[in-house]
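**Student:** Take this structure first; my questions come after.
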Amino acid sequence: MINNNTSTVNTKTSINDFVVKFANTNGTGSASANNMFAKAIMRMGIPVSAKNIFPSNIQGAPTWYEVRINEDEFLGRRGGQTEIIVAMNAQSFVADIKDVAPGGYLLFDSSKQIPEQLLRDDINYLGIPISAICLKEFQNPRQRQLFKNVIYVGALAALLDIEFGVLKTLVGDQFKGKEKLITPNVYALELGFQYATNHFSCPLNYRVERRDLIGNRIMVDGNTGSGLGAVYGGATVVGWYPITPSTSVVEKFASYCQRLRIDPATGKKNFAIVQAEDELAAIGMAIGAGWNGARSFTATSGPGISLMAEFLGLAYFAEIPVVLINIQRAGPSTGMPTRTQQSDVLACAYASHGDTKHVLLFPDSPAECFEHSALAFDLSDRLQTPVIIMSDLDLGMNDHLSAPFIWNDKQKYDLGKVLSIRELDNMESFGRYRDVDGDGICYRTLPGTHPNKGAFFTRGTSRNKDAVYSEKSADYVENMERLQRKFATAATLIPKAEISTGLQSTQIGLIYYGTTTQAISETKHLLQKQGIPVDSMRIKGFPFGSEVEKFIEQHEQVFVIEQNRDGQMKTLLSTELNIDPNRLASVLCFDGLSITANQISSDIIHVIEQQIPNQEVV
Amino acid sequence: MSFAKSKFKHKSLPVNDLGLTYRDYEGAISTLCAGCGHDSISSAIVHACAELSIEPHKIAKMSGIGCSSKAPNYFLNNSHGFNTVHGRMPSVTTGANLANKDLTYLAMSGDGDSASIGLGQFAHVVRRQLNMVYMVANNGVYGLTKGQLAATSDRGVKNKTGDISLFNDIDLCTMALQLGASFVARCFSGDKAQLIPIIKAAIAHQGFAFIDIISPCVTFNNHPGSTRSYDYVQEHVTTGAVTDFVPTKEEITAQTPEGEFEDICLHDGSLMRIHKLDKDYDTSNRLKAMTDVEEHKERGEILTGLLYLDPTASTFHELNDTADTPMNQVKQDLLCPGERVLGTINDSFR
């Protein structure tokens with residue numbers, strides 16, 4: 001039997017640099033307790049990140065919540081074994097014990113004994129009779145279940161030296177308006193705290209110390225940023241179909257609209273949301289609204305993109321503004337619905353048949369989900385084409401430490417080239433697809449604007465400059481070339497790639513995008529330690545700006561880091577910039593979990609060693 | 001054959017309240033086959049809109065893909081049109097309507113477009129009670145791909161190449177009734193006296209108005225053995241109720257034939273005057289309408305006329321409680337909550 005005390009295995013001391021993993025059962029209400037733990041660290045001024053690794057299941061299957069605490073701001077998934085595991089799920093117990101790093105800790109519910117054969121002698125055990133405490137202290141069965149989670153958070157506060165006052169304030173904030181819940185939650189925290197204080201040598205060698213490193217940052221998930229960005233960007237019409245991991249984008253949009261978009265005078269809504277019958281209808285609605293001059297969007301994930309492809313082709317060819325927020329997950333087909341990937345890059349860039357190209361944005365943080373979401377409506381209106389935001393499950397559904405959401409009241413919506421009745425009056429003639437300004441972007445009119453000028457037929461079939469059906473080769477070619485010209489204009493309007501060059505000149509460049517960003521600062525640190533300085537470039541959108549090609553030209557060896565099997569961004573770069581694919585090397589992760597700095601740096605070192613076998617990498 | 005339409009308007013052409021003649025409501029010259037029933041529908045739409053004095057630019061013409069969906073080119077030149085993708089017109093119209101509820105949405109679809117690839121979208125737009133006129137030009141055959149059987153083809157009929165329809169047909173009227181459409185009618189494109197008032201009433205109706213229009217295909221489905229040919233339809237059509245449409249501003253002087261009639265007040269105050277050719281017919285009984293359609297079909301007849309009308313139905317926007325200003329006209333200051341509010345939202349994430 002395990003002695004309910006810290007074992008004697010030596011543990012090196014680590015302040016503000018370790019990983020805590022919570023192994024729970026899906027549906028047992030652990031999410032809010034785990035989140036409270038992460039947020040408490042943040043409120044102590046210490047950089048922290050949290051990743052929820054959950055099954056495609058409602059109840060009963062194993063789920064993990066991984067919290068990385070790192071005052072050097074290395075907040076990507078660290079990988080490897082874990083210093084502290086809170087093992088609350090019998091199903092995953094064997095695996096969880098194996099996952100503890102030597103010298104690390106396993107906090108478990110000691111109401112039942114652990115079988116001898118599972119024990120390791122190189123880790124420490126922190127047994128707390130959590131179920132027994134709950135049974136004794138709480139009458140309500142639901143409370144007995146829920147407070148198990150709160151008790152282990154209370155115990156961790158004592159073990160890791162988390163300020164108890166911070167936790168109490170968090171409980172108060174969490175249950176604002178439901179004051180009755182505050183007292184029992186604080187009591188449960190105290191139960192855990194007291195038990196740990198009385199039975200273990202607190203704090204452990206792994207512990208936190210207050211810092212002042214957070215500034216004005218917030219902790220929030222990307223889908224909240226996307227939904228709120230759509231509110232600020234002026235979206236009024238949403239057609240959507242629920243699909244993990246994009247569902248909460250529209251749910252957040254709806255909830256902020258309910259708060260912020262009800263006309264105080266009439267109580268009526270300045271928004272319309274329709275849960276469609278499928279993804280085809282969802283984007284159809286968004287396109288219909290875009291055609292009619294409202295800002296509209298849909299949110300989806302990979303399988304939805306496949307279904308929406310035909311409509312995306314229509315919107316591209318008929319030149320209709322529409323925004324699509326794609327929260328990528330592991331494909332192909334149904335793939336792993338609750339695991340992350342960046343594997344829709346090519347499917348989105350070229351969605352639909354024929355020569356079709358779409359504008360993509362790659363946010364890397366909740367703040368950028370907000371920013372890109374609002375910006376996408378301007379870009380889409382300005383360019384009269386679909387704009388697809390390429391978030392992913394990790395960014396969309398996990399809480400991240402992020403810059404705050406920013407909006408400047410001086411920003412005015414760019415509605416693009418839409419002719420008013422007065423402008424039409426002053427025109428001799430109107431032709432929907434005439435390239436008046438030479439930028440490939442034509443002027444459009446909205447239905448109902450003018451009694452006898454500006455009406456035209458929108459169609460997915462070929463037409464001439466005046467929107468009249470035409471199968472003449474010259475008309476078709478001219479139109480397709482103009483669309484290409486418009487795409488070149490798009491490259492000047494989307495956010496520029498973010499380039500970081502070091503003090504030392506280097507021949508090695510890293511290209512990355514989206515959530516891969518989380519691992520980059522740590523990667524550069526690890527490579528620097530090995531004597532490999534690198535420059536880096538974060539791609540923020542497609543089509544690529546001229547700076548992207550320049551960066552590649554300036555570096556002898558370029559690594560493209562992405563989270564898919566086939567190196568989709570590498571393919572896109574090679575194809576679109578006409579670059580020899582051999583100049584680019586892929587660093588890939590496609591196991592459904594976020595890529596780690598350790599993996600990136602070791603892959604890069606491996607490639608370099610193979611290329612210069614006689615030289616040692618120092 | 002003409003390749004261009006004359007813009008000449010004779011001085012003696014009657015003008016409507018807007019000072020427009022029916023020619024102001026015409027479209028491009030049709031490229032459909034000579035004698036196509038769809039052209040008769042276009043003509044009926046032109047007359048209906050002209051007689052209702054609707055500003056042409058306040059109408060949006062929506063369609064999917066197919067012969068039927070090409071038809072909006074041939075009416076209402078001063079209206080915006082949108083040829084969407086096959087079977088997906090309902091969702092695009094939904095979005096367009098959500099963006100601007102103040103336009104009149106006239107949608108043209110076909111049997112392939114609505115009863116096959118678009119059956120799902122058809123069903124759901126009915127459920128959502130979108131305020132639109134949804135017309136299906138139903139010829140029971142695929143025209144543009146040259147003569148394949150459609151899902152509305154009656155069981156046992158043959159197409160031009162001799163293929164037999166092995167399966168039961170889909171009746172879009174009974175589907176619309178079952179799904180809660182508040183206006184359902186079936187017409188024959190060759191009977192303008194019936195079609196024009198029905199289209200006018202459908203436009204005046206606030207809610208989802210569905211008209212299934214039997215529209216024979218002269219090229220691929222006008223042969224013996226078809227139940228959608230001109231001859232077959234003319235021989236088997238029967239009418240439950242003939243309707244006159246009386247706009248709100250006009251006196252009720254429509255000639256009333258002998259027999260029962262009933263006036264139904266529409267949302268805008270105009271009247272549907274129902275003449276019951278079948279004295280048992282009841283246009284307010286949705287369940288009976290479904291039964292009547294099926295009973296006539298069993299007798300080999302096609303029941304036409306206004307099948308069902310609920311003038312009190314709500315529209316999507318009423319159900320959604322949408323603001324009075326169309327969504328595409330709401331100004332930024334009402335849409336964007338601004339910096340100060342965002343500051344408070346940021347605080348909630350600390």
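The values are calculated or read from the model by the stated rules, or taken from the named source; none is laboratory data. Just so it is clear, the structure is predicted and the values come from calculations on it, not from any experiment. All Cβ positions, even for glycine, are placed from backbone atoms using ideal geometry, and neighbour counts span all protein chains on display. Protein only, heavy atoms only, side chains kept; ligands, DNA and RNA dropped before computing areas. Shrake-Rupley method; radii C 1.70, N 1.55, O 1.52, S 1.80 Å.
**Student:** Would any residue of the stretch A:197-227 have its amide N under 13 Å from a label point 7 Å out along Cα→Cβ of A:GLU163? List them or say none.
**Tutor:** What the label zone holds, given the 13 Å backbone N cut-off, is A:209-214.
**Student:** Taking amide H positions as placed 1.01 Å from N in the peptide plane, with prolines and chain starts having none, which residues 5 or more places from A:ILE53, or on another chain, fall under 5 Å of its amide H?
**Tutor:** The list, which skips near neighbours in sequence, is A:TRP64, A:TYR65, A:GLU66.
**Student:** Same structure again: At 0.36 nm per residue, minus the direct Cα-Cα distance, what do B:CYS33 and B:CYS265 gain on full extension? Give it in nm, one decimal, please.
**Tutor:** Gain on extension, B:CYS33 to B:CYS265, equals 79.6 nm.
**Student:** Okay, next question. If you plug each phi of the stretch A:489-502 into the Karplus form 6.51 cos²θ - 1.76 cosθ + 1.60 with θ = phi - 60°, what whole-Hz ³J(HN,Hα) values come out, in order, with x for Gly and Pro?
**Tutor:** Rounded to whole hertz, the list is 4, 4, 4, 8, 9, 7, x, 5, 5, 9, 10, 10, 10, x.
**Student:** Round to the nearest 0.05 the FRET efficiency obtained for A:ILE605 and A:GLN194 when R0 = 45 Å and r is the Cβ-Cβ distance.
**Tutor:** E(calc), rounded to 0.05, equals 0.40.
**Student:** Here's a follow-up. For chain B, what is the percent of antiparallel DSSP beta bridges, rounded to the nearest 5?
**Tutor:** Percent antiparallel among DSSP bridges in chain B is about 40.
**Student:** Still on this structure, please answer the following. For chain A, what proportion of DSSP beta bridges, expressed in % and rounded to the nearest 5, is antiparallel?
**Tutor:** That works out to approximately 35 percent antiparallel.
**Student:** At a probe radius of 1.4 Å, figure out the A/B buried accessible area, summed over both chains, and give it in Å² to the nearest 100.
**Tutor:** Counting both chains, the buried surface is close to 5200 Å².
**Student:** Still on this structure, I have one more. Highest GNM mean-square fluctuation, chain B, Cα pairs closer than 10 Å: which of B:ASP39, B:ASP268, B:ASP282?
**Tutor:** Ranking B:ASP39, B:ASP268, B:ASP282 by mean-square fluctuation puts B:ASP268 first.
**Student:** Peptide B:315-323: average number of partner chain Cβ atoms within 10 Å per residue?
**Tutor:** 4
**Student:** Can you list the residues, at least 5 places off or on another chain, whose amide H is less than 5 Å from the amide H of A:SER391, using H built in the peptide plane?
**Tutor:** It is A:ASN326, A:GLN328, by chain and number.
**Student:** Once you keep just the Cα pairs under 8 angstrom separated by 6 or more residues, what percentage relative contact order results for chain A?
**Tutor:** 12
**Student:** Next up: Read phi for every residue in the stretch B:45-59 and hand back ³J(HN,Hα) as whole Hz from Karplus 6.51 cos²θ - 1.76 cosθ + 1.60, θ = phi - 60°, with x for Gly and Pro.
**Tutor:** My calculation for the stretch B:45-59 gives 5, 4, 5, 4, 5, 5, 5, 7, 6, 7, 5, x, 6, 8, 10 Hz in order.
**Student:** Note down the relative contact order for the stretch A:532-618 as a percent, whole number, built from C-alpha pairs under 8 angstrom at least six residues apart.
**Tutor:** 25
**Student:** Taking all protein chains in place and a 1.4 Å probe, what share, in percent, of the accessible surface of the stretch A:367-501 do carbon and sulfur account for?
**Tutor:** Carbon and sulfur together cover 51 percent of it.
**Student:** Would you please name the GluC sites (Glu not before Pro) within the stretch A:39-130 that are DSSP coil residues with at most 15 other C-beta atoms within 10 Å of their C-beta?
**Tutor:** For GluC sites (Glu not before Pro) across the stretch A:39-130 that sit outside H, G, I, E and B with at most 15 neighbouring Cβ atoms in 10 Å, the list reads A:GLU73.
**Student:** Compare the peptides B:79-87, A:488-496, B:241-249 by average per-residue count of other Cβ atoms within 10 angstrom and give them in order, highest first.
**Tutor:** Those peptides, ordered most packed to least, come out B:79-87, B:241-249, A:488-496.
**Student:** Using every pair of alpha-carbon atoms in chain B, split the distances into 10 Å bins beginning at 0 and state the percent of pairs per bin, rounded to integers.
**Tutor:** All Cα pairs, binned at 10 Å, distribute as 5, 24, 33, 23, 9, 3, 2, 0 percent.
**Student:** Averaged across the residues of A:290-303, what count of C-beta atoms belonging to other chains lies within 10 Å of each residue's C-beta?
**Tutor:** Mean inter-chain Cβ contacts per residue within 10 Å come to 4.
**Student:** Once both labels are modelled 7 Å past Cα along the beta-carbon direction, what's the A:LYS268-B:GLN329 spacing in nm?
**Tutor:** The answer from the label model is 1.1 nm.
**Student:** For a test of the definition: using alpha carbon positions, the gyration tensor, and the 1.5 limit on a/c, classify the stretch A:197-327 as rounded, prolate or oblate.
**Tutor:** prolate
**Student:** Can I ask one more? Name the trypsin sites (Lys or Arg not before Pro) in the stretch A:139-192 that are in a loop by DSSP and that have at most 13 other C-beta atoms within 10 Å, would you?
**Tutor:** In loop regions of the stretch A:139-192 (DSSP not H, G, I, E or B), the sparsely surrounded trypsin sites (Lys or Arg not before Pro) are A:LYS176, A:LYS178.
**Student:** Once the Cβ-Cβ distance between B:THR344 and A:ARG144 is put in as r, and R0 is 45 Å, what FRET efficiency do you end up with, to the nearest 0.05?
**Tutor:** Approximately 0.80, to the nearest 0.05.
**Student:** Spelling out what I want: for every residue of the stretch B:82-89, take phi, set θ = phi - 60°, compute 6.51 cos²θ - 1.76 cosθ + 1.60 (Karplus), and round to whole Hz; glycine and proline get x.
**Tutor:** 9, 8, 8, 10, 4, x, 10, 4
**Student:** Counting only other chains, and only Cβ atoms inside 10 Å, what mean value do you get across the residues of B:98-106?
**Tutor:** 5
**Student:** Once fully extended, how much extra length lies between B:ARG299 and B:PHE167, figured as 0.36 nm per residue of separation less the alpha-carbon to alpha-carbon distance?
**Tutor:** Separation in residues times 0.36 nm, less the Cα-Cα distance, equals 45.7 nm.
**Student:** Still on this structure: Evaluate the distance, in nm, between pseudo-label points positioned 7 Å from the Cα of A:GLU478 and of B:ARG23 along their respective Cα→Cβ axes.
**Tutor:** About 3.0 nm, to one decimal.
**Student:** Now for a separate question. Would you please classify the overall shape of the stretch B:1-101 from the alpha carbon gyration tensor, given that a ≥ b ≥ c denote the square roots of the eigenvalues, rounded means a/c under 1.5, and beyond that prolate means a/b larger than b/c while oblate covers the rest?
**Tutor:** Oblate is the answer for the stretch B:1-101, as a/c is 1.5 or above yet b/c matches or exceeds a/b.
**Student:** A further question follows. Can you tell me the order of A:218-224, A:87-93 when each peptide is scored by its average per-residue count of other Cβ atoms within 10 angstrom, highest first?
**Tutor:** A:218-224, A:87-93
**Student:** Here's something else I'd like to know. When DSSP beta bridges are limited to those with both residues in the stretch A:1-149, what percentage is antiparallel, rounded to the nearest 5?
**Tutor:** 50
**Student:** Report the Cα centroid-to-centroid distance between the stretch A:225-242 and the stretch B:133-194 in angstrom, as an integer.
**Tutor:** That distance is 39 Å.
**Student:** Per residue, how many Å² of accessible area does the protein assembly as shown show with a 1.4 Å probe?
**Tutor:** I get 39 Å² per residue for this part.
**Student:** Let me ask you something else. Percent of Cα-Cα pairs per 10 Å bin, from 0 to the last occupied bin, for the protein assembly as shown, please list those.
**Tutor:** Over the protein assembly as shown, the share of Cα pairs per 10 Å bin runs 2, 11, 18, 19, 17, 13, 10, 7, 3, 1, 0 percent.
**Student:** Take every Cα pair under 8 Å in the stretch A:270-399 that's 6+ residues apart, average their separations, divide by the length, and report that relative contact order as a whole percent.
**Tutor:** 26
**Student:** Could you compute the FRET efficiency for A:THR334 and A:SER32, with r as their C-beta to C-beta distance and R0 at 41 Å, rounded to 0.05?
**Tutor:** Efficiency, rounded to the nearest 0.05: 0.90.
**Student:** Treating only the Cα positions of the stretch A:345-440 as identical point scatterers, give the base-10 log of I(q)/I(0) from the Debye formula at each q in 0.13 Å⁻¹.
**Tutor:** With one equal scatterer per Cα and no solvent, log10 I(q)/I(0) is -0.65.
**Student:** A further question follows. Amide H of B:ASN138 versus every other amide H placed in the peptide plane: which residues, excluding those fewer than 5 positions away on the same chain, fall under 5 Å?
**Tutor:** Residues meeting the amide H criterion: B:ILE213, B:ILE214, B:SER215.
**Student:** What is the log10 of I(q)/I(0) for the stretch A:1-87, computed with the Debye formula using one identical point scatterer on each Cα and no solvent, at q = 0.16 Å⁻¹?
**Tutor:** The calculated log intensity ratios at q = 0.16 Å⁻¹ are -0.72.
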